[in-house]
1. Filter region B:304-335 down to the residues that are polar (S, T, N, Q) and crowded, with 24+ Cβ neighbours inside 10 Å, then identify the one that is farthest from the other protein chains (Cβ to nearest Cβ).
2. Got a sec? Which of B:278, B:247 is among the aliphatic types (A, V, I, L, M), modelled with pLDDT under 95 and more than 30 Å from residue B:369 (Cα to Cα)?
3. When you go through B:343, B:304, B:327, B:265 one by one, which is the residue that is assigned by TED's automatic domain parsing to the domain that holds residue B:207 and in contact with a His (Cβ under 8 Å, 6 or more places away or on another chain)?
4. I'd like the residue in region B:138-167 that is assigned to a helix (DSSP H, G or I) and without any contact (Cβ under 8 Å) to a residue 40 or more places away in the chain and, out of all such residues, is farthest from the chain's Cα centre (by Cα).
5. Scan region B:69-90 and give yes if some residue there is in contact with a Ser or Thr (Cβ under 6 Å, 6 or more places away or on another chain), closer than 30 Å to residue A:389 by Cβ and modelled with pLDDT of 85 or more, otherwise no.
6. Pick from region B:359-381 the residues that are within 27 Å of residue A:361 (Cα to Cα) and of a type in the set (S, T, N, Q): which of them is farthest from the other protein chains (Cβ to nearest Cβ)?
7. Tell me the residue from A:55, A:76, A:20 that is without any contact (Cβ under 8 Å) to a residue 60 or more places away in the chain, away from chain B (no Cβ under 14 Å), of a type in the set (Lys, Arg) and on the phi < 0 side of the Ramachandran plot, please.
8. Regarding residue A:389, is this residue within 27 Å of residue B:359 (Cβ to Cβ), in a helix (DSSP H, G or I), of a type in the set (Ser, Thr, Tyr) and under 20 Å from the mean Cα position of the chain (by Cα)?
Protein chains: 2
Amino acid sequence: MLPYKNLIIIDKKNTLPVYRQVSLQFISLIQEGKLSPGTLLPSTRVLAFDLQLHRKTIVAAYDILVSEDWADNLPRKGYRVSPDLPVVRPRSYNSKKLSPFANNANFDFERLEPLVHQVISLNKGPLVIDDGFPDISLLPTKVISEQFKKSLDNAARGKNTGFNLNEVSNFRISLHSFLNRTRGIDMGIENLFTTRGAQMAIYIAASLIIKPGDKVVVSEPSYFIAEALFKKLGAELIRIPMDADGMCTEELEKILKKDSIKLLYIIPHHHHPTTVTMSVERRQHLMQIINTHNFAVIEDDYDYDFQFKYDPYLPLATGDHGGNIIYIGSLTKVLGAPFRLGYIIATEEFLKAATTLRTLIDLKGDFIMEETVAGLINNGDLARHIQKTNKLYSQRCDVLSDLIIDELGDKITFTKPTGGMALWLKLKPEYNLLQVIKKANLKGLTMTGSSYCVGKDAHFNAFRFGFASLDEHQLADAVHILKKQ
Amino acid sequence: MLPYKNLIIIDKKNTLPVYRQVSLQFISLIQEGKLSPGTLLPSTRVLAFDLQLHRKTIVAAYDILVSEDWADNLPRKGYRVSPDLPVVRPRSYNSKKLSPFANNANFDFERLEPLVHQVISLNKGPLVIDDGFPDISLLPTKVISEQFKKSLDNAARGKNTGFNLNEVSNFRISLHSFLNRTRGIDMGIENLFTTRGAQMAIYIAASLIIKPGDKVVVSEPSYFIAEALFKKLGAELIRIPMDADGMCTEELEKILKKDSIKLLYIIPHHHHPTTVTMSVERRQHLMQIINTHNFAVIEDDYDYDFQFKYDPYLPLATGDHGGNIIYIGSLTKVLGAPFRLGYIIATEEFLKAATTLRTLIDLKGDFIMEETVAGLINNGDLARHIQKTNKLYSQRCDVLSDLIIDELGDKITFTKPTGGMALWLKLKPEYNLLQVIKKANLKGLTMTGSSYCVGKDAHFNAFRFGFASLDEHQLADAVHILKKQ
């Protein structure tokens, strides 16, 4: 007899009735081949004693096995595993049978590869350089938790189950006023649509616009996840170089003279990855181009709220573009990873299609998180938090910039940005960035920021060093480790 | 002179410096045509007095206008709006210029229509019949808020910014053990992937599988949002009738004799919308079919946790299918709208592609919400909540069923389900459901549940009546209003 005492474990916290737990575990034993077809099961009396259960519970469990053809009940002999079951039933998700979704199967599904800039496998050490994320230890956690509690209690009391995507939520109203105030974008509430972080905003906008074969212009280098998305959608990518004034609009004009494009993806403010902000001349030139050609523009302005000093560059979307520009932003850069909240600003017609697509993707938003952030906006907590963190990040940017110049000036070149949360550090060609990342990892430093040192982007030999989430000591420690590589 | 005192409003809570707020508002006045090209601006002294600001602040604001070419500084005359600006700049998002995203524009983007089963426009009255949602007033809000606070504080203290989708999160570990315990699905952690609600799980799985022209089998009627998704992906839908034993697998077999299909979408347990549970014979037949043909299966088991009495139907995914079945479920039905958490169980190879696709869609999950729910699972709070609500929903199901038979038995037919949160009520042909919904709405009853009374589904003349979220008085009130229509 099998050691049922150890094989069949009753979990009192489990919502399943005990007799069902017993029968399920017998089925597992049979499926795993531990109980072969034809095996006699222990008598109900013996098993009840072994498992410290009532005999009726065991009878109920056995009866289920019989009713489901796993076992049969022999007169005067008791229960046994059905003799005509297939011998061993393998774990279906790791079966040796060829699944349509196996590596070597011939089934036609989309085998998307992992994104190449993230595949360097690193151990998580005590010190992490990220891509430019906020320092969440600065979050007003008490205020946020109280706001969450209030939102949840209100919803529960009123049996309020939130808003459908085609309704105007409290979050959308608060966000609308926040964006009008901070960006100077002149829009109605019907021009604002909320998403899960900026990524979903890019996904939705690009999915509605791009058809296989369409030409899409991006900068070189560009935000690699957006690039991967455009490629997945079947776009033919045209890459336009960046210089110290941003994307070279002269190149764009040249392309448009002989060819038409469907979409331009641009990050004019603190460009990702290079942190460059587009100059006034280039902006004016770009607006001219937008107004004379028929293509759509995604303006990704993920980093707008972090400007260390007065910066006269308003979003392109504030200008005269007749609705061609789809403006995308995010609160995740302000509040950090716990809050994946982004938005799209566009014409009403475009957002109607966006609403339907997001319904198909995820039905609706996280109601209580959205209400919580609406509260933070309305109480001024969000504005206060931005002011406070901006000051600190500005200092950290100074500290890191000085450290790099002093300690790594012979190996690294960079231009100090006017805001944001990261430096873009270019290694001189004689140093191999991939090797530096791997060696630094052995010293306890994990560089998880976007690094442009593999594939077609290998020649950049450059990486993002997020300074916002590290204090001055951590910044110094990280630079010292890098210096020794 | 314009009434600048009323036109230019300084917001002390705003993070923008005051001089920038002033310049931004001047730019708006110019863009809106309120300040014409060439107009003289008030002297810095006068405006400083009007706005109760320091004169230097006004000078700084004007200097920005000059540096951005909105204004110029005339010797001995002061500042004026640049005379060579375009006269009026319209609101770009509602411009009269033809945007590529206007209704009548010729630009080729995907103009997704709103979903037809949700377009009946209703006023929100005091009494709402939903599609079958949990009663969130039963949530243990205190426990949840405490768990949220703990998770947020922990994350902030440790500067923990969460998990990437290719990492094993605490939530995934807790969910894995919960699912093994309750579903008897024999799988490893690599076979489980988390999403935003079941909808994103369906979206991801279907997007990876369906290519334009692929044949996809669904039931008739079927969950209309899944159907809309398959159509958007270009599938050719084949609809197979439902009867009291579930989807007619005999029909499926007939189709497969002459044709090959790419995907079967099935809800064997408490089918949406009809609430039918598939019989044992049909299940066995379906498993046979799955094992002799080469197609993928999405098993949508959104409602598994709500079974009013012992129900021997385990998911199809627990059987021997060699990895063909993609199993989808959700915690949103358990915890309600505040928690949009779903999952996919599938082969490791399939989930690798799912991970990349979800990265493109929304990068990562809501870290703190996921940690919060992991806590609820580990503490047994989730299991307790399921047990408690199941008991109450079972009572509400009884109450509503009796009410319908007593009060509406002459107009409505239905089969009482063995679990779940809704009844599927069929109106006799002489009653027009669309009219009933509209008239009831005038009496303060809002029927937001899926109603099958428009388009190709009009002949069903049936709707879902969610009973879980209403107490006995509300159920009685709703039935009384319906009786009078």
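The values are calculated or read from the model by the stated rules, or taken from the named source; none is laboratory data. Just so it is clear, the model here is predicted, and its values are computed rather than measured. When we count neighbours, we look across all protein chains shown, and the Cβ atoms used for this are built from the backbone with ideal geometry, even at glycine.
1. B:330
2. Going through B:278, B:247 in turn, the sole match is B:278.
3. The conditions single out B:304.
4. This residue is B:157.
5. no
6. Once the filter is applied, the top-ranked residue is B:372.
7. Unique residue meeting the criteria: A:55.
8. no
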